[in-house]
Amino acid sequence: MDDAMVTRLRAAGCVFAEEEAALLAAAGGDRDALVARRERGEPLELVLGWALFAGLRVPVAPGVFVPRRRTELVAEVALALAPAGGTMVDLCCGAGAIGGAVAYARPDLTVVAADIDPAAVDLAHALLAPLGATAIASDLDDALAHLRGLVDVVTACPPYVPTAQIPLMPREARDHEPVLALDGGPDGLDLQRGVFAASSRLLRPGGACVVETSDALERLTVAAAAGAGLVPALERDDERGAVVVVARQAGASTSSSSRA
Ligand SMILES: C[S@@+](CC[C@H](N)C(=O)[O-])C[C@H]1O[C@@H](n2cnc3c(N)ncnc32)[C@H](O)[C@@H]1O
């Protein structure tokens, strides 16, 4: 253990200074420079170049949203819903964490991830291509017309912070993540509504979308799913502070799963 690193990280306000020091030491390179980046408030994941998600090291880079552990629930629910040999689309994929976790666990699935930001698509491509999955640039499902009516599961962690609350977010997010990845519009639901509308176009009868939301927004998110003609239910994991809406397309189920 490098005691000097731990001392500097603790003084910089890092709650898990020992763990961070061990990770930064293992990262190689100039330890002083790495600690200095943390002292300047850069998120640990950006300093390391990866974020842990469902046991995978997902590559991350400045300017692209850092995947959060709570979003693992989206991937877990999707895995439980996806039928053997099925097709999954991850909208607003960012660095590709959800699609990567699903493709890694289930090589039988066809996984397509899409994001409007080319920098995110590049990162997602680097993660997904070796897993046999695809990342493409698309404003929601604009570039996915060929998949309409063919998808078993749509996943999404879209931006859902109401615009007025962005200045209240932790500094690490405000200073290091693009507004495009955070801003959900006046009520936080602009992109969620878009995802539900896209899901109603993409899903097979009986297919389902799994969309991250927050405790504060969950009732509005459920209403938005119903407004798109889907049949919504809530799933949550209080330990990770995670809440998702699982919304089904009417019709015959394509999954043997008992979830949702
Ligand atoms: C909160 S981040 C989540 C990224 C990823 N799903 C994750 O959990 O790490 C939201 C993502 O939505 C993308 N995005 C915003 N507007 C979009 C749109 N109209 N179409 C597609 N992606 C969009 C952003 O570029 C960003 O990568």
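The values are calculated or read from the model by the stated rules, or taken from the named source; none is laboratory data. Remember, predicted model here, so these are calculated numbers, not experimental data. As a convention, Cβ positions derive from the backbone with ideal geometry for all residues, glycine included, and neighbour counts pool all protein chains shown. The accessibility values were calculated without ligands, DNA or RNA, using every heavy atom of the protein model including side chains. Shrake-Rupley method; radii C 1.70, N 1.55, O 1.52, S 1.80 Å.
In whole percent, and with a 1.4 Å probe on the protein chains, what portion of the accessible area of the range 1-159 is carbon and sulfur? Let's see the in-between values first.
Numbers: 3680 of 6590 Å².
After summing per-atom areas, the C and S share lands at 56 percent.
At 24 Å minimum axial length over the Cα atoms and a Kyte-Doolittle cut of 1.6, report the qualifying DSSP H helices in the chain, or say none. Let's see the in-between values first.
Details: long enough: none.
Result, helices passing both filters: zero.
Once phi is turned into θ = phi - 60°, what whole-Hz ³J(HN,Hα) does the Karplus curve with 6.51, -1.76 and 1.60 give for every residue of the range 139-153, x standing for Gly and Pro?
After applying 6.51 cos²θ - 1.76 cosθ + 1.60, I find 7, 6, 9, 3, 8, 10, 4, 5, 9, 4, x, 10, 9, 7, 9 Hz.
Say the dipole of the chain comes from +1 at the beta carbon of Lys and Arg and -1 at that of Asp and Glu; which of Ala78, Pro159, Leu202 then lies farthest toward its positive end?
Value: Leu202.
Quick one: grab the alpha carbon gyration tensor of the chain, order the square roots of its eigenvalues as a ≥ b ≥ c, and give me rounded if a/c is under 1.5, else prolate or oblate depending on whether a/b is larger than b/c.
Values: a/c = 2.09, a/b = 1.71, b/c = 1.23.
Since a/c reaches 1.5 and a/b is larger than b/c, the shape of the chain is classed as prolate.
Enumerate the calculated ³J(HN,Hα) couplings along the range 88-94 in order (Karplus 6.51 cos²θ - 1.76 cosθ + 1.60, θ = phi - 60°), each rounded to whole Hz, writing x wherever the residue is Gly or Pro.
With the stated coefficients, the range 88-94 comes to 10, 10, 10, 8, 6, 6, x Hz.
What distance in nm lies between label points placed 7 Å from Cα along the C-beta direction at Phe16 and Ala36?
2.6
How do 88-99, 196-207, 140-151, 239-250 rank on mean C-beta neighbours within 10 Å, highest first?
On the way: 88-99: 30.2, 196-207: 22.3, 140-151: 15.7, 239-250: 20.2.
Descending mean neighbour count gives 88-99, 196-207, 239-250, 140-151.
Amide H neighbours of Gly86 under 5 Å, counting only residues 5+ apart in sequence or on other chains, H built in-plane at 1.01 Å?
Thr110
Is the shape of the range 178-249 best called rounded, prolate or oblate, per the rule: a/c under 1.5 gives rounded, else a/b larger than b/c gives prolate, else oblate, with a ≥ b ≥ c the square roots of the Cα gyration tensor eigenvalues?
Working: a/c = 1.84, a/b = 1.22, b/c = 1.50.
Judged from the Cα gyration tensor, the range 178-249 comes out oblate (a/c at least 1.5, b/c at or above a/b).
Can you give the helix-only mean residue ellipticity at 222 nm for the chain, where every DSSP H stretch with n ≥ 4 adds -39500 (n - 2.57) and the sum goes over all residues, rounded to the nearest 500 deg cm²/dmol? Kindly include the intermediate steps, with their values, before the conclusion.
On the way: 10 runs with 92 residues, N = 260.
Taken over the chain, the calculation gives -10000 deg cm²/dmol.
What accessible area per residue, rounded to a whole number of Å², is obtained for the range 32-82 using a probe radius of 1.4 Å? It would help to have the intermediate numbers written out before the result.
On the way: 1960 Å² over 51 residues.
Here the residues of the range 32-82 average 39 Å² of exposed surface.
Can you pull out the trypsin sites (Lys or Arg not before Pro) in the range 23-89 whose DSSP state is coil and whose Cβ has at most 10 other Cβ atoms within 10 Å?
Working: sites: Arg31, Arg37, Arg38, Arg40, Arg57, Arg68, Arg69, Arg70; in loops: Arg40, Arg68.
The qualifying sites are Arg40.
With an 8 Å Cα cut-off and a minimum separation of 6 or more residues, compute the relative contact order for the range 3-59 in percent. Please report the intermediate quantities before stating the final value.
Values: 41 pairs, mean separation 14.3, N = 57.
Relative contact order for the range 3-59 comes out at 25 percent.
Need the C-alpha centroid separation for the range 185-249 versus the range 109-181, integer Å.
Distance between centres, Cα-based: 15 Å.
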